[in-house]
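Take a look at the structure below.
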Amino acid sequence: MSKCYWLIKSEPDVFSIDDLKKAKNQSTAWDGVRNYQARNFMRDEMQIGDQVFFYHSNATPPGIAGIAEVASEPYPDPSQFNSGSKYFDASSPQDNPRWVLRDFKYVRHLKRFISLDELKQHEALADMRLLARGNRLSIMPVDKAHWQYILKLER
DNA sequence: GCCAACGTTGGC
DNA sequence: GCCAACGTTGGC
């Protein structure tokens, strides 16, 4: 399977790209995904080494802050079994975990932050999934053409 | 804080 | 299987 590109959302007040950079091994387990579509992308389609836009949601302004990469195979999200976690899922079987995650590793900040507002102004990006009406997916694929276009924008 | 959009749940 | 109710996301 050829290399894919992705976008993951995080609220910077909770976990920003600076937090990822400061994390142990500059990587983190991406826990708490509780959406089947996002899980399936992470479980079935990502490949170690895939490049990922790190998007700041619920931010002022929202936008793409940097780049990370897929750093592990999928494995069960431990928070689903932790009754003290807000991600606890009592109905997930221990022997067949419903929720999986991967580790993501810091690659770099973009040379400059590229806001959602700026992305919306480019016709070439008009069909980006991120910009689709009502989009709420926290993990989504990015077309190679869109990826390359955005990397040119940062200059 | 508001609210539109969307996914999930559960009664029927 | 339908769909109303509900909870969450996330831009504004």
task = Using +1 at the Cβ of each Lys and Arg and -1 at the Cβ of each Asp and Glu in chain A, identify which of A:Asn40, A:Tyr149, A:Leu101 lies farthest towards the dipole's positive end.
result = A:Tyr149
key: Distance-filtered residues of region A:34-52 - backbone nitrogen under 14 Å, label point 7 angstrom along A:Leu151 Cα→Cβ   = A:50-52
key: Per residue solvent-accessible surface (Å²) - chain A, probe of 1.4 Å   = 55
request  = Specify the angular offset, from 0 to 90 degrees and rounded to the nearest 10, of the alpha carbon long axis of helix A:144-153 from the longest principal axis of the alpha carbons in chain A.
outcome  = 60
task = Would you mind calculating the gained length between A:Asn25 and A:Lys144 on full extension (0.36 nm times residue separation, minus the Cα-Cα distance), in nm to one decimal?
result = 40.1 nm
remark   = Rounded to 0.05, the calculated FRET efficiency for the beta carbons of A:Gln94 and A:Gln37 at R₀ = 22 Å is 0.35
note = Each label sits 7 Å from Cα toward the beta-carbon; between A:Arg112 and A:Thr60 the label points are separated, in nm, by 2.2
task = Report in % the part of the accessible area of region A:5-153 that belongs to carbon and sulfur, leaving out ligands and nucleic acids; probe 1.4 Å.
result = 46
task = Would you please give the FRET efficiency between A:Asp127 and A:Gln47, computed as 1/(1 + (r/R0)^6) with r the Cβ-Cβ distance and R0 = 25 Å, to the nearest 0.05?
result = 0.60
task = Might you report the magnitude of the Cβ-based charge dipole of chain A about its Cα centre, with Lys and Arg at +1 and Asp and Glu at -1, to the nearest 20 debye?
result = 280
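The values are calculated or read from the model by the stated rules, or taken from the named source; none is laboratory data. Remember, it's a predicted structure, so these values are computed and weren't measured experimentally. So basically every Cβ, Gly included, is an ideal-geometry build from the backbone, and we count neighbours across all protein chains shown. When the accessible area is computed, the model is the full protein with side chains, heavy atoms only, and any ligands, DNA or RNA have been set aside. Shrake-Rupley method; radii C 1.70, N 1.55, O 1.52, S 1.80 Å.
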